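The values are calculated or read from the model by the stated rules, or taken from the named source; none is laboratory data. Everything numeric here is computed off the predicted structure, so don't read it as measured data. Cβ atoms come from the backbone with ideal geometry, glycine included; neighbour counts cover every protein chain shown. Accessible surface is based on the protein model in full, side chains and every heavy atom, while ligands, DNA and RNA are left aside. Shrake-Rupley method; radii C 1.70, N 1.55, O 1.52, S 1.80 Å.
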Amino acid sequence: MSAATLTHQDHEDEAAYDLVPDGLDPVPTRPRLLLVGTALAGAGIAVFFAALLGMYLAARHAVITGPQVGDVAPIWFADSSPIPLTPANLALATMLLSCVTMAWAVHAVAHNDRAGAYFALAMTLLFGGAVINATVFIYKAIELPVAGGSTAVAPLFYTLTGAHLALIACAMVFVTVMTLRTLGGEYAGRDREGIVAASLIWYLTTALLVVIWYAVYVTK
Amino acid sequence: MARDESTADLAGVLGSADHKVIGRLYVGAALMFGLASAVAGVLAGIDRIDGELGNTILATDTAPQVLSFHRLSVPLLCLIPALLGLAMIVVPLQVGARAIAFPRAAAASFWGWIVGAATFAAAFALNGGPGGGRSDAVDLWLTATALITASLLLGAVCVGATVLAARTRDMTLDRVPFFSWSMLCTTAIWLLTLPVLLAITVLLYVDHRFADTLFGAGGALDSHLDWINRAPQVYALAIPLLGGALDAVATASGRRFPNRGVAFTLIGAFAALGIGAFALPTLVPAAADQPVTKGMALLVVLPVLGLVGLVGTALKDAKPQITSGLVAGVVGLLVLLLATLVGAAVPFQSLLELQGTQWISAHSHLVTGAALIGLVGGLYHWSTKIVGLAGNEALGRTAPVLIGLGVVLVAAPEAVSGLVGDAEEAVNGLEVANVVSVVGAAVLLLGSAVAVAGLARRRHDDEPSDPWAGQTLEWATASPPSFDNFDGEVPAVDSAEPLLAVQSEEGDS
């Protein structure tokens with residue numbers, strides 16, 4: 001229950017030290033506070049990646065439509081750093097699969113299916129870890145040094161995909177915390193706002209990977 | 001737990017997630033950084049009087065850094081955090097919430113910002129900053145900028161979620177006070193644009209620290225961040241002014257504000273025309289030449305003009321109280337109208353050739369000046385809720401006028417230099433005009449000092465909780481408000497002016 005939706009009781013002592021007024025009569029005037037906050041944060045995250053992707057595509061466009069050097073046509077990823085599509089495909093497939101387990105976790109929480117929720121959560125986190133692993137594998141495979149390149153491909157590639165890795169890690173933490181808090185009783189089975197908010201971020205993370213997969217790994 | 005005053009005060013400030021405490025911290029710290037930023041601006045202005053930067057009171061390599069600090073710190077260290085702090089205090093009270101949405105996130109927002117802001121300033125001192133000569137310090141500055149941006153975004157989420165999801169019963173969105181509506185629009189625009197600043201900052205960091213291929217070694221990094229000070233993005237700083245001004249006008253008039261729906265639409269339109277993230281040079285190298293930029297520059301005049309008209313309608317035959325909030329609102333709106341008119345001239349490049357000249361600086365100064373006036377007006381209008389005492393009204397009415405005069409004195413000579421100067425003068429300013437600009441900056445500083453002086457007085461026991469006979473929910477709280485904002489139940493909301501009906505009933509009885 002958010003402090004923002006609670007009613008008054010006398011609590012001057014708490015006022016001295018903090019913190020958040022809790023323990024008050026639970027009369028929510030506006031439910032979905034966490035969901036709305038998550039949606040706003042999700043919008044910011046989407047804009048962040050849109051900006052990174054825009055800069056990536058703009059820089060790539062400038063290179064591949066630029067003048068050719070000698071007899072060599074301008075290329076974005078150098079031949080010495082071929083980007084492997086198979087692990088990228090695997091990462092995408094795994095992430096899409098994790099959406100199924102995420103939806104399963106939400107469904108399980110809604111029905112107070114504790115065992116199902118834990119299992120679905122574990123599977124979701126496992127899949128998230130697998131995507132991180134696949135991306136790290138790509139990093140090792142392409143052998144693209146950050147420094148010393150003639151184009152901006154390396155900083156852009158690592159910033160974009162690295163930021164997405166960080167988002168996956170944050171989403172995994174968020175999913176874990178929200179599921180545990182829900183199962184711990186903070187949200188009742190039918191009031192599964194926390195886990196729904198976490199799933200929102202998870203689906204957003206997957207959607208962003210779809211875009212990155214096509215814009216970076218497929219079109220190269 | 002027994003209350004120990006000595007620890008309660010310290011713990012209450014450092015550990016608090018009370019939105020009033022966080023908001024006060026935000027406002028206070030932002031004003032301190034604003035002072036530093038203003039001093040930097042004045043120093044750069046004095047140095048630039050002869051039309052060349054870095055040859056009088058500042059060294060050649062120091063002067064651009066001082067100017068960069070001024071340009072970047074005005075939005076990131078002063079105006080955005082101060083407005084966010086004001087919103088954190090006032091918005092939950094206005095919408096009848098017991099606390100801000102995600103109180104601990106709001107606290108994290110402040111502490112992240114203050115660490116980032118201190119690091120930002122320290123990085124400049126260590127020869128960091130956009131053109132800094134010390135690579136590690138430049139990296140530190142970029143890290144600080146990213147931290148500041150992320151923290152401000154977190155605060156924006158808290159304020160936006162409060163308006164959207166923490167409103168009291170029966171307070172529909174069309175009943176929220178103007179300031180809360182304007183902050184909802186502002187947070188929406190910040191959420192759509194500040195992540196772009198964060199993205200470019202992260203990319204700059206990676207490139208600068210590891211590669212130096214994308215932006216070039218020792219490149220002028222601030223050109224990639226300066227869009228936040230340029231049209232259309234700079235207008236996002238002035239959105240809260242619109243809401244604050246309308247709230248002050250409605251309160252001063254003592255009547256229902258006419259055409260609320262139109263006012264909401266105009267504020268929203270102004271906000272939409274302040275989305276400027278697409279003008280990122282990395283994405284669109286010649287953003288100023290794009291038809292959409294030119295169209296936005298021309299269209300943005302209309303909502304401000306419409307709001308000025310609405311204010312005139314509201315005050316007509318009303319015999320309003322001449323409050324500090326009213327004066328600030330009207331002066332701020334007029335300065336903003338002037339700013340939009342100045343900005344509307346920029347698209348006529350083939351005729352006037354204003355791009356890259358002092359005209360652009362004049363425009364930025366006018367918009368940020370209007371935002372500052374709005375901030376001062378807000379601090380005075382809600383002073384009993386912010387600091388628990390009514391500000392000195394004489395000083396409160398004088399300060400916006402002085403700041404308005406100062407900002408016009410800063411901007412007008414710049415505009416003249418941009419318009420009539422030859423190639424070099426248009427960029428660096430005419431010598432006489434530069435002198436007048438410095439005088440204007442001094443007047444602006446004086447106005448800011450007057451504003452602070454009017455709020456810095458000892459609190460009396462009989463401070464009024466509602467000095468203006470206000471119409472909206474924040475005036476139903478004590479001054480300063482209690483920990484959970486409302487002593488007892490939140491008043492019922494059956495209109496956009498819930499306290500107006502109560503006052504009428506009391507008057508009848």
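Note on the stretch B:24-100: Rg/Rh from C-alpha atoms, Kirkwood Rh, equals 1.23. Taken along the Cα-to-beta-carbon direction at a fixed 7 Å, the label points for A:V173 and B:R169 span 3.9 nm.
Between the stretch B:159-204 and the stretch B:434-478, what's the alpha-carbon centroid distance in Å? Each part reduced to its Cα centre gives a spacing of 25 Å. Summed over qualifying helices (DSSP H, 4 residues or more, each -39500 (n - 2.57)) and divided by its residue number, chain B shows a 222 nm mean residue ellipticity of -21500 deg cm²/dmol.
Quick one: net charge of B:L366's neighbours, Cβ under 13 Å, K/R +1, D/E -1? Net local charge, B:L366 excluded: 0.
Between A:E143 and B:D289, the FRET efficiency from the beta-carbon distance, with R0 = 51 Å, is close to 0.80. Only protein atoms count toward the accessible area here, which uses a 1.4 Å probe; on the protein assembly as shown, the carbon and sulfur part of that area reaches 66 percent. Segment B:E489..B:H460, full-extension length gain: 7.8 nm, with 0.36 nm per residue of separation and the alpha-carbon distance subtracted.
B:F264 contributes an accessible area of around 20 Å² to the protein surface, as traced by a 1.4 Å probe with all chains present. A simple count of charges around B:T60, restricted to other residues whose Cβ falls under 15 Å of its Cβ and scoring Lys, Arg +1 and Asp, Glu -1, yields -3. Under the criterion of Cα pairs below 8 Å and six or more residues apart, the relative contact order for chain B equals 16 percent. Using protein heavy atoms only (no ligands, DNA or RNA), what is the total accessible area buried between B and A, 1.4 Å probe, nearest 100 Å²? Counting both chains, the buried surface is close to 4000 Å².
The alpha carbons of the protein assembly as shown occupy a box of 86, 75, 49 Å along the principal axes, longest dimension given first. Listed by chain and number, the lysines placed with their C-alpha closer than 17 angstrom to that of B:K316 amount to none; residues fewer than eight positions away on the same chain are left out. Both the radius of gyration and Dmax for the stretch B:343-451 are 16.5, 54 Å, in that order, over alpha-carbon atoms. Based on C-alpha pairs under 8 angstrom that are at least 6 apart in sequence, the stretch B:292-361 has a relative contact order of 46 percent. A:I75 exposes around 80 Å² of accessible area when a 1.4 Å probe is run over every protein chain in place. What the Cβ-Cβ distance of B:V262 and B:R104 gives, at R0 = 51 Å and to the nearest 0.05, is a FRET efficiency of 0.85.
Short to long, the 5 Å bins of the Cα pair-distance histogram for the stretch A:89-220 hold 2, 11, 20, 21, 14, 11, 8, 6, 4, 2, 1, 0 percent of all pairs.
The modelled label-to-label distance between B:S350 and B:A318, using points 7 Å beyond Cα along the C-beta direction, is 4.5 nm.
Accessible area per residue for the stretch A:32-218, computed on protein heavy atoms with a 1.4 Å probe, is 44 Å². Across the protein chains, with a 1.4 Å probe defining accessible surface, the residues A:V175, B:V452, A:V196 rank B:V452, A:V196, A:V175 from largest area downward. Using a 7 Å offset from Cα along Cα-Cβ at A:L57, what residues in the stretch B:243-286 end up with backbone N under 16 Å from the label point? In the stretch B:243-286, the label zone of A:L57 (backbone N under 16 Å from the point 7 Å along Cα→Cβ) covers B:278-280, B:282-285.
Shape descriptor for chain B: Rg over Rh equals 0.97 (Cα atoms; Rh from the Kirkwood inverse mean 1/r).
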